[in-house]
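Read the structure below first, then the notes.
The values are calculated or read from the model by the stated rules, or taken from the named source; none is laboratory data. Keep in mind the model is a prediction, meaning the values are calculated, not measured. Every residue, glycine as well, gets a Cβ built from its backbone with ideal geometry; the counts of neighbours run over all protein chains shown.
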Amino acid sequence: MGFQVGCTGLIRYVTPLVSPMNGVRKRFRAATSLQGALPGATPPSGILVVNKPQNWTSFDVVNKIRSVLEKHLRQHETASVAAGPVEASTKAATRHRDRRFRLRVGHSGTLDPLATGVLVLAVGPVYTRQLRDLQQGRKQYRATFQLGAATDTQDCTGQVLERSSYEHLKEYGVDEINRLLQSAAFTGKIMQQVPAYSAVRVQGQRLYELAREGRINSINELPSRTITIFEARCEHFDSQQGTGTLFLDCSGGTYVRTLIHDMGRRLGTHAHMTSLVRLRVGSYSLDESNEHCLRTVEELSDPERILACLQSTNVSSTTSTSSERAASQ
């Protein structure tokens, strides 16, 4: 409501022709019109290939990239607005800018904290919507293992559950291990039981949460799923030490540590994974010839380097090419 003084001197209330909020709306529209008009105002999008650091979770990397880019964009726009003619001082405009620079960032498939290697990130809604193709697509790994002990996590970060001898394998070499890996148990389409310490959801809760709470009473409670092993190959085996190195070319959703655990059982002993490097996701790798990779922890904190490495590529086309290669083998 507003008021005006009539000719009689009495004050009478009238409805204002222009709402006081119109001024706020105009300032808000002026501020929001900055999107795309100022340098750096348009949020970035594309694909990032990252060498995941050891002891980082995949979500640690996602959160790091998101926070570095969001901070960079806010600082860049603040400087641009300060230098320009438009005053973007309203709370509504500030909230809008904050929402606009909340970037969508996703990854191509979880890598355990122990693991290093290729983690493909998608920045922006156009690319995050395509991530499912990469998550389900073909991946390559190199892993090392130790015979003689089983752990609750199936890798060297867990608690030892059982120990066993591998004396009966003293005469084994690479050829004997490969003979096992090339059998039907480890080649082609196979059923693999999901490990207790994994991010798979069961009845809405992560399995690793249930495992930590002691709520998994039997391995029979763990789900199984179909995976495809295109190639499993032993590259090195020391029968005296019970250690070795495997190369694996497989479909998305494959747990390398579970494959090693199962291999140990087939060999009549126990085994767990001691290291893991993801070499390739679809057509993305950390080849030395690829300059558009974030290879070090320092680069993960450098917004200019991150922006320089963003690739505007069609995720679907890269994974379909990989799938075609897989089908031909």
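Among Met263, Met191, which is the only one that is surrounded by fewer than 18 Cβ atoms within 10 Å (Cβ to Cβ) and touching a residue at least 24 places away in the same chain (Cβ under 8 Å)? Write out each step before concluding.
Working: Met263 fails: surrounded by fewer than 18 Cβ atoms within 10 Å (Cβ to Cβ).
None of the others qualify; the one that does is Met191.
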Qualifying position, being within 29 Å of Val277 (Cβ to Cβ), at pLDDT below 95 and either in contact with a strand residue (DSSP E or B) (Cβ under 6 Å, 6 or more places away or on another chain) or of a type in the set (D, E, K, R) (or both), among Asp155, Asp60, Asp133 | Asp133
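Results for (1) in the same structural domain as Thr110 (by TED's automatic domain parsing); (2) among the polar types (S, T, N, Q); (3) modelled with pLDDT of 95 or more; (4) not in a helix (DSSP H, G or I), shown as yes or no for each residue.
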position: Leu259; (1), (2), (3), (4): no, no, yes, no
position: Asp262; (1), (2), (3), (4): no, no, yes, no
position: Thr296; (1), (2), (3), (4): no, yes, yes, yes
position: Arg305; (1), (2), (3), (4): no, no, yes, no
position: Ala326; (1), (2), (3), (4): no, no, no, no
Residues being out of contact with any helix residue (DSSP H, G or I) (no Cβ under 6 Å at 6 or more places or on another chain) and within 18 Å of Leu169 (Cβ to Cβ) - total across the stretch 234-265 | 17
Which listed residue, of Ala271, Ala211, Ala232, is outside the structural domain of Arg163 (by TED's automatic domain parsing) and aliphatic (A, V, I, L, M) | Ala211
Pairs under 9 Å by beta carbon, first residue assigned by TED's automatic domain parsing to the domain that holds Ala115 in the stretch 235-257, partner in a strand (DSSP E or B), six or more apart or different chains?
-> none
Of the residues that make up the stretch 225-235, is at least one out of contact with any Gly (no Cβ under 7 Å at 6 or more places or on another chain), acidic (Asp, Glu) and at pLDDT 95 or above?
-> yes
Take the residues of the stretch 186-221 that are among the aliphatic types (A, V, I, L, M) and in a loop (DSSP other than H, G, I, E, B): which is nearest to Ser251 (Cα to Cα)?
-> Val194
Those residues of the stretch 271-284 which are at pLDDT 95 or above and surrounded by fewer than 22 Cβ atoms within 10 Å (Cβ to Cβ) amount to Thr274, Ser275, Val277, Leu279, Arg280
